[in-house]
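Student: My structure is below; once you've seen it, I'll send some questions.
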Amino acid sequence: MPTRAAIKAITSYFPQSRLTNQELASQLGNWTAEEIHQKTGVSSRAIAGPEECASDLGVAAARRLFESGACRAEDVDFLLFCTQSPDYALPATACLVQRQLGLRTDSGAIDFNQGCSGFVYGLTLAKGLIETGAARSVLLITAETYSKWIHPQDRSVRTIFGDGAAATLIAGVEADQDLIGPFVLGTDGSGSKNLIVPVSGARCRRTAQTGVASERESGNWRSDENLYMNGPEILTFTLRTVPKAVRGLIERWQRPLEDVDLFVFHQASRFMLERLRDKMALPAEKFWIDMEQCANTVSATIPIALETAAAQGRLASGSRVMLVGFGVGYSWAATMVKWL
Amino acid sequence: MDRVAFVAKLCTALEFPAGSLTEKSPLNSEAWDSVDLLNVIALIDEDLGLTVSGDDFKRCRSVGDLFALLEEQQTRGPVG
């Protein structure tokens, strides 16, 4: 039988420091803690400390993976590190993580910059590496600290994003059919301006003015060095794109939608997930929504959801799970996973 | 499109008192909470099967302008 890539194990990690709705309500005014919960589906979120970066969260998640006995550091042939808040512009955070985790120096290690679609993109890359024989065990780390980019007085983003990381082991197993795949991938850079940190790279350099915050739409404050999200445009993009991606995936999968045991979409916000679920008439009992304690951790939401779903007995061996990531870019990606 | 029924749902989505909106009512979405706009975009998607972009919506100055936009979209079909 051929070697097929499969998800072998997932572990997550959250920073110790937490930000509750009560704290947010007292800092932001305007919304009560209950209103924040009602609008976002989030009660509290983990926030990285001042000295805590994406590499630290990713390393902690991977150490939990090694401690679980799923694999040893020396077994990893390739590290894929997904973040949009890297420790440095250069070098790649993956190189720092290789050192901290004690991965072999003859292993591959790269960063890739994707947000909400990042986990599914990581699966496409891992599958390619494994099924071409370039690697046997791939460690996919999705680690995000959007809080580093967020202005404290911008409630449009501060209420929904949290920091966190997940480490996913993908390795080859003998199987007669795909355990990850098929895929639907998509990109539309016309939406790049709608979820962006304008001054964060070489295009727009920092000046004395770029860090000065001012009041923007709906009473939110930020500078051009902070995260900006045009929520209505992101919702429009999502409502237009995700149902098409799901239909496209079902066509490629060549099985009926009813054969999906669990739908795990990027945990963007409860509001958005409920709209998508209702628009596609997906059964609520098969549709995962759980962001109460962790909020939107960008590329880490899907593996965190999978880990939780498995721990709660919602995934059994042979379960067929649809994963859909969508957002910043715009970028989207969907796939099917057969749980081992 | 049942305009009366839609206006009633618009009132609910915006948490306005029932009957407080008519076709002539001004729509000042710039002053809305961002969540209000999300609610209205979701309502239009759910109720009419149309996906209106936030930027298009912001150009509507009255409920009547919004109807004109929605009817134009219904005629030419949703974008994207």
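The values are calculated or read from the model by the stated rules, or taken from the named source; none is laboratory data. From a predicted model like this one, the values you see are computed outputs, not experimental measurements. Don't worry about glycine lacking a Cβ; one is built from the backbone with ideal geometry, like all the others, and counts go over all protein chains shown.
Student: Quick check: anything in the stretch A:63-83 buried (at least 18 other Cβ atoms within 10 Å of the Cβ) and closer than 30 Å to B:Ser34 by Cβ?
Tutor: Taking every residue of the stretch A:63-83 in turn, at least one turns out to be buried (at least 18 other Cβ atoms within 10 Å of the Cβ) and closer than 30 Å to B:Ser34 by Cβ.
Student: Condition first: small (Gly, Ala, Ser) and either assigned to a strand (DSSP E or B) or away from every other protein chain (no Cβ under 14 Å) (or both). Can you find one or more residues in the stretch A:218-229 that meet it?
Tutor: Yes, the stretch A:218-229 contains at least one residue that is small (Gly, Ala, Ser) and either assigned to a strand (DSSP E or B) or away from every other protein chain (no Cβ under 14 Å) (or both).
Student: What are the pairs, 6+ residues apart or on separate chains, where a residue within the stretch A:25-49 that is free of Cβ contacts under 8 Å to residues at least 60 places away in the same chain and assigned by TED's automatic domain parsing to the domain that holds A:Gly164 has its Cβ under 7 Å from a residue that is outside any helix (DSSP H, G or I) and polar (S, T, N, Q)?
Tutor: So the pair list comes out as A:Ala25/A:Thr32; A:His37/A:Ser43; A:Gly49/A:Ser17.
Student: Quick test of your reading of the structure: A:Ser12 fulfils all but one of (1) out of contact with any Phe, Trp or Tyr (no Cβ under 6 Å at 6 or more places or on another chain); (2) touching a residue at least 60 places away in the same chain (Cβ under 8 Å); (3) not in a strand (DSSP E or B). Name the failing condition by number.
Tutor: (3)
Student: Of the conditions (1) within 11 Å of another protein chain (Cβ to nearest Cβ); (2) over 25 Å from A:Arg240 (Cα atoms), B:Lys24 satisfies every one except a single condition; which number is it?
Tutor: So B:Lys24 meets the others, but not (1).
Student: Checking B:Gly49 against (1) within 11 Å of chain A (Cβ to nearest Cβ); (2) at pLDDT 85 or above; (3) surrounded by 16 or more Cβ atoms within 10 Å (Cβ to Cβ), which single condition isn't satisfied?
Tutor: Only one criterion is unmet by B:Gly49, namely (3).
Student: A follow-up question, please. Determine, yes or no, whether A:Glu285 is more than 23 Å from A:Lys148 (Cα to Cα), within 14 Å of another protein chain (Cβ to nearest Cβ), out of contact with any strand residue (DSSP E or B) (no Cβ under 8 Å at 6 or more places or on another chain) and of a type in the set (Asp, Glu). Quick ask: steps written out before the conclusion?
Tutor: Working: more than 23 Å from A:Lys148 (Cα to Cα): yes; within 14 Å of another protein chain (Cβ to nearest Cβ): no; out of contact with any strand residue (DSSP E or B) (no Cβ under 8 Å at 6 or more places or on another chain): yes; of a type in the set (Asp, Glu): yes.
In short, no.
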